[in-house]
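The values are calculated or read from the model by the stated rules, or taken from the named source; none is laboratory data. All figures in this text were calculated on a predicted structure; none of them were measured in a lab. Please note: Cβ atoms are built from the backbone with ideal geometry, for glycine as well, and neighbour counts cover all protein chains shown. Only protein heavy atoms, including side chains, enter the accessible area calculation; ligands, DNA and RNA are left aside. Shrake-Rupley method; radii C 1.70, N 1.55, O 1.52, S 1.80 Å.
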Amino acid sequence: MGADWNVVGKIMKETGIQFGYHNHNFEFQTIEGKIPYFDIFLKELDKELDLFWAVKGGQDPLELFKKFKRILAENETAGMKYMFEEQDRTKDGQPFEAVQKSITNLTTKILV
């Protein structure tokens with residue numbers, strides 16, 4: 001499954017389109033006592049980690065970073081090249097206020 005996604009990503013990259021998949025909390029759930037989806041993805045896919053969903057899934061991102069082969073150090077520890085602020089829908093219908101709150105949290109609590 002993951003190897004197929006890497007092939008799709010390569011084809012899309014060759015045509016100028018960037019393909020990506022980020023984890024959610026359900027990828028950390030054990031399925032029928034077997035390896036969680038995230039462990040499979042970690043072995044097979046090019047790496048990307050959504051920190052919010054990792055924490056919501058009960059994981060310690062720093063421990064997950066130790067499983068990645070490419071490590072730089074702290075934010076480099078994750079091999080992070082880019083940071084994305086994803087904003088889905090908001091409960092109160094105020095998406096721009098939610099983005100501002102996320103930026104404030106990133107700059108005052110997370111990245112400091």
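Could you please find all residues in region 25-46 being in a loop (DSSP other than H, G, I, E, B) and surrounded by fewer than 16 Cβ atoms within 10 Å (Cβ to Cβ)?
Pass one, region 25-46, residues in a loop (DSSP other than H, G, I, E, B): 29-30, 32-33, 35-36, 45-46.
Answer for region 25-46, where residues must be in a loop (DSSP other than H, G, I, E, B) and surrounded by fewer than 16 Cβ atoms within 10 Å (Cβ to Cβ): GLN29, THR30, GLU32, GLY33, ILE35, ASP46.
Taking region 1-24, which residues are in a loop (DSSP other than H, G, I, E, B), open to solvent by less than 60 Å² (accessible area, probe 1.4 Å) and more than 17 Å from TYR82 (Cα to Cα)?
Taking region 1-24 first, the residues in a loop (DSSP other than H, G, I, E, B) are 1, 15-24.
This time we only want the ones that are open to solvent by less than 60 Å² (accessible area, probe 1.4 Å), so: 20, 22-24.
Across region 1-24, the qualifying residue is only HIS24.
Name the single residue, out of those in region 60-112 being of a type in the set (Asp, Glu), open to solvent by less than 90 Å² (accessible area, probe 1.4 Å) and at pLDDT below 80, that is farthest from the chain's Cα centre (by Cα).
Checking each candidate, the answer is GLU76.
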**Prompt:** What about LYS47, is it closer than 21 Å to PHE68 by Cβ, among the basic types (Lys, Arg) and modelled with pLDDT under 80?
**Reply:** yes
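Of the residues GLY57, GLY20, which is at pLDDT below 80 and in contact with an Asp or Glu (Cβ under 9 Å, 6 or more places away or on another chain)? Show your work before the answer.
Details: GLY57 fails: at pLDDT below 80.
Just one listed residue meets the conditions, GLY20.
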